[in-house]
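To start, the structure under review is shown below, and the notes come after it.
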Amino acid sequence: MNENKMKDMPVNQLMIKLGLPMILSMALQAVYNIVDSAFVGNMKIGSEAALNALTLVFPIQMLMVALAIGTGVGVNALLAKTLGQDDREKAGKVAGNGIFLGGIIYCLCILFGLFGVRAYIETQTSNIEVLQMAVSYLKICSLLSFGIIFFSIFEKLLQATGKSVFSTIGQIFGAVVNIIFDPLFIYGIGPFPEMGVKGAAYATVLGQILSALLLLYFHMKKNTEFQHGIRCMKPSGKIIAEIYAIGLPAIISQALMSIMVYAMNLILKFDANIQTAYGLFYKVQQFVLFLVFGLRDAITPIVAFANGMKDKKRISDGIKFGLIYTVILMLFGTIITEIFPNQFASLFNAGASREYFVQAMHLVSISFVFAGINVSYQAFYQALDSGIQSLVISLLRQFILILPIAGLFVSIVKGGNTDASLIWWAFAITEVLTCIVGTIFLLKIKKNKIDKLA
């Protein structure tokens, strides 16, 4: 039944059917960090230090998610393509190897949590209060990261078979748990001790762990198109190579987001208020971009499935409707951030960072439509076995262009030649230039791959 839906339902309807729950799921994932910042920003003591601490730990949180989601993207596309080829035995091995790789990623997170946290935070701040808060928060999130890692894997397994509604249920459940326990753990309400920033970390991982367990249940009960079990989890070098042939560009793309935020924290280290404003804004920006990330997770299996069938029309429809829905989502995100910057600043209790935060909201939102199109381009490339192009787009928008441009603008601001608003223009310039390159790539793929299909 699910295979027929992926094969026969009109692409525009299928994209809405799969995309809406994925969009909601990704939006809720972004809520984790926004909720933490909102609650710690309203602590009676040390709120500004706590906001700065969460800004500093955010890149590593993103990196952990990058490893898990990037691997999941590879599993998602390969599983959808394999099911499109009606190879059920291999599909079971693809799913099992995805779970195995999740275990390897968790081991890496444990090692970082035990040995790398303090050294990482010390590169970004010398403030003792901020350092202690950031170290305690990040250590908890690293050592208990199995929730977010396995949630990401099971989410992609459910999405690949067209059952994204179950991943959304899990995401909603985790977000609700986090929102309920954040004030209880942070402020010490009722029988719970006041834990401050540590409480925010415990509430976050609790929501992640419970949502992962729920998705494990859904995966075992609902994904009946292929076999489950320990035998399927036996590592296969061939399958792992296929997963990462698709997923590695996605990992690098997500990891580059982490590297970019870390590098921006270093660039903006000259002013803690601007640094904090950037961290707060980035969480709002991620909330907007996660909408198109959710759509991307619908685009990838749809186009990959059509690619497995070598169905030229469904591939073309996937690209057309993917771009249309992307632009609609990003226009919505732009309107929200342009109209309500002061409301977001009040939510975070931004304090001395408020002016810089509102500037960022107004100026960076100009780039949202172009950023969304770039994300959709990457989904098309990954589904059409063109991972290198996806990698190039990631490098351009999150490393090669943004960091030198931002560094140049910061040097001008530090020289006293203009105010800090110049810094935020770096994002719009980067996304527009990248979008031009991405369009050239897509036209070449269309000519060399899509147009040659029967």
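The values are calculated or read from the model by the stated rules, or taken from the named source; none is laboratory data. Fair warning: this is a prediction, and the values are worked out from it, not measured in the lab. Don't worry about glycine lacking a Cβ; one is built from the backbone with ideal geometry, like all the others, and counts go over all protein chains shown. These accessible areas exclude ligands, DNA and RNA; they are computed on the full protein's heavy atoms, side chains included. Shrake-Rupley method; radii C 1.70, N 1.55, O 1.52, S 1.80 Å.
Scan I60, I110, I34, I69 and give me the residue that is touching a Lys or Arg at 6+ places or on another chain (Cβ under 7 Å), assigned to a helix (DSSP H, G or I), within 30 Å of Q275 (Cα to Cα) and touching a residue at least 24 places away in the same chain (Cβ under 8 Å).
So the residue among I60, I110, I34, I69 that is touching a Lys or Arg at 6+ places or on another chain (Cβ under 7 Å), assigned to a helix (DSSP H, G or I), within 30 Å of Q275 (Cα to Cα) and touching a residue at least 24 places away in the same chain (Cβ under 8 Å) is I34.
Looking at region 416-454, which of its residues are closer than 17 Å to S365 by Cβ and among the aliphatic types (A, V, I, L, M)?
Of everything in region 416-454, those that are closer than 17 Å to S365 by Cβ and among the aliphatic types (A, V, I, L, M) turn out to be A420, L422, I423, A426, A428, I429, V432.
Go through the residues of region 374-392 one by one and say whether even a single one is assigned to a loop (DSSP other than H, G, I, E, B) and among the acidic types (D, E).
Yes, because at least one residue in region 374-392 is assigned to a loop (DSSP other than H, G, I, E, B) and among the acidic types (D, E).
Within the group A360, A420, A352, which residue is among the aliphatic types (A, V, I, L, M) and within 21 Å of the chain's Cα centre (by Cα)?
Numbers: A420 fails: within 21 Å of the chain's Cα centre (by Cα); A352 fails: within 21 Å of the chain's Cα centre (by Cα).
Criteria check complete, one pass: A360.
Pick out the one residue from S376, S386, S367, S411 that is closer than 17 Å to M257 by Cβ, hydroxyl-bearing (S, T, Y) and out of contact with any Leu (no Cβ under 8 Å at 6 or more places or on another chain).
Just a single option satisfies the conditions, and that option is S367.
Being surrounded by fewer than 21 Cβ atoms within 10 Å (Cβ to Cβ) and aliphatic (A, V, I, L, M) is the filter; apply it to region 412-434 and report the residue that is farthest from F357 (Cα to Cα). Please lay out each step first, then the result.
Let us first name the residues in region 412-434 that are surrounded by fewer than 21 Cβ atoms within 10 Å (Cβ to Cβ), namely 412-422, 425, 428-429, 432-433.
Filter once more, keeping what is aliphatic (A, V, I, L, M): 412-413, 420, 422, 428-429, 432-433.
Working: I412: 19, V413: 16, A420: 11, L422: 13, A428: 16, I429: 19, V432: 22, L433: 24 Å.
Only one residue tops the list, namely L433.
Hey, does region 11-34 have a residue that's at pLDDT 90 or above, open to solvent by 10 Å² or more (accessible area, probe 1.4 Å) and not hydrophobic (A, V, I, L, M, F, W, C)?
Yes: one or more hits.
Going by what's in this entry, would Y377 be described as open to solvent by 50 Å² or more (accessible area, probe 1.4 Å) and under 28 Å from I267 (Cβ atoms)?
No: the conditions fail for Y377.
Out of the residues in region 117-134 that are farther than 20 Å from E48 by Cβ and open to solvent by 20 Å² or more (accessible area, probe 1.4 Å), which is nearest to the chain's Cα centre (by Cα)?
Y120
With respect to I186, determine if the residue is over 17 Å from the mean Cα position of the chain (by Cα) and open to solvent by 10 Å² or more (accessible area, probe 1.4 Å).
On the way: over 17 Å from the mean Cα position of the chain (by Cα): yes; open to solvent by 10 Å² or more (accessible area, probe 1.4 Å): no.
Against the criterion (over 17 Å from the mean Cα position of the chain (by Cα) and open to solvent by 10 Å² or more (accessible area, probe 1.4 Å)), I186 does not qualify.
On the given criteria, is L28 over 24 Å from T326 (Cβ atoms), in contact (Cβ under 8 Å) with a residue 40 or more places away in the chain and in contact with a helix residue (DSSP H, G or I) (Cβ under 8 Å, 6 or more places away or on another chain)?
Details: over 24 Å from T326 (Cβ atoms): no; in contact (Cβ under 8 Å) with a residue 40 or more places away in the chain: yes; in contact with a helix residue (DSSP H, G or I) (Cβ under 8 Å, 6 or more places away or on another chain): yes.
Criteria not met by L28.
Residues that are at pLDDT below 90 and of a type outside the set (D, E, K, R): find the helices (runs of 4 or more DSSP H) completely inside region 242-355 holding 3 or more of those.
272-309
When only residues in region 136-182 that are at pLDDT 95 or above and not in a helix (DSSP H, G or I) count, which is most open to solvent (accessible area, probe 1.4 Å)?
L144
Do we have V303 as open to solvent by less than 20 Å² (accessible area, probe 1.4 Å), touching a residue at least 40 places away in the same chain (Cβ under 8 Å) and more than 28 Å from L443 (Cα to Cα) here?
So V303 fails the test.
Among G237, G247, G294, G279, which is on the phi < 0 side of the Ramachandran plot and surrounded by fewer than 19 Cβ atoms within 10 Å (Cβ to Cβ)? Quick ask: steps written out before the conclusion?
Details: G247 fails: surrounded by fewer than 19 Cβ atoms within 10 Å (Cβ to Cβ); G294 fails: surrounded by fewer than 19 Cβ atoms within 10 Å (Cβ to Cβ); G279 fails: surrounded by fewer than 19 Cβ atoms within 10 Å (Cβ to Cβ).
Of G237, G247, G294, G279, the one residue that is on the phi < 0 side of the Ramachandran plot and surrounded by fewer than 19 Cβ atoms within 10 Å (Cβ to Cβ) is G237.
Scan region 124-142 and give yes if some residue there is in contact with a Cys (Cβ under 6 Å, 6 or more places away or on another chain) and over 30 Å from T161 (Cβ atoms), otherwise no.
Checked against the condition, which is being in contact with a Cys (Cβ under 6 Å, 6 or more places away or on another chain) and over 30 Å from T161 (Cβ atoms), region 124-142 yields at least one hit.
Restricting to region 435-450, and then to whatever is exposed (fewer than 15 other Cβ atoms within 10 Å of the Cβ) and under 27 Å from the mean Cα position of the chain (by Cα), can you tell me which residue is nearest to Y377 (Cα to Cα)?
T439
Name the residues in region 380-411 that are open to solvent by less than 30 Å² (accessible area, probe 1.4 Å) and closer than 11 Å to S253 by Cα, would you?
Of everything in region 380-411, those that are open to solvent by less than 30 Å² (accessible area, probe 1.4 Å) and closer than 11 Å to S253 by Cα turn out to be G387, S390, I393, S394, L396, R397, Q398.
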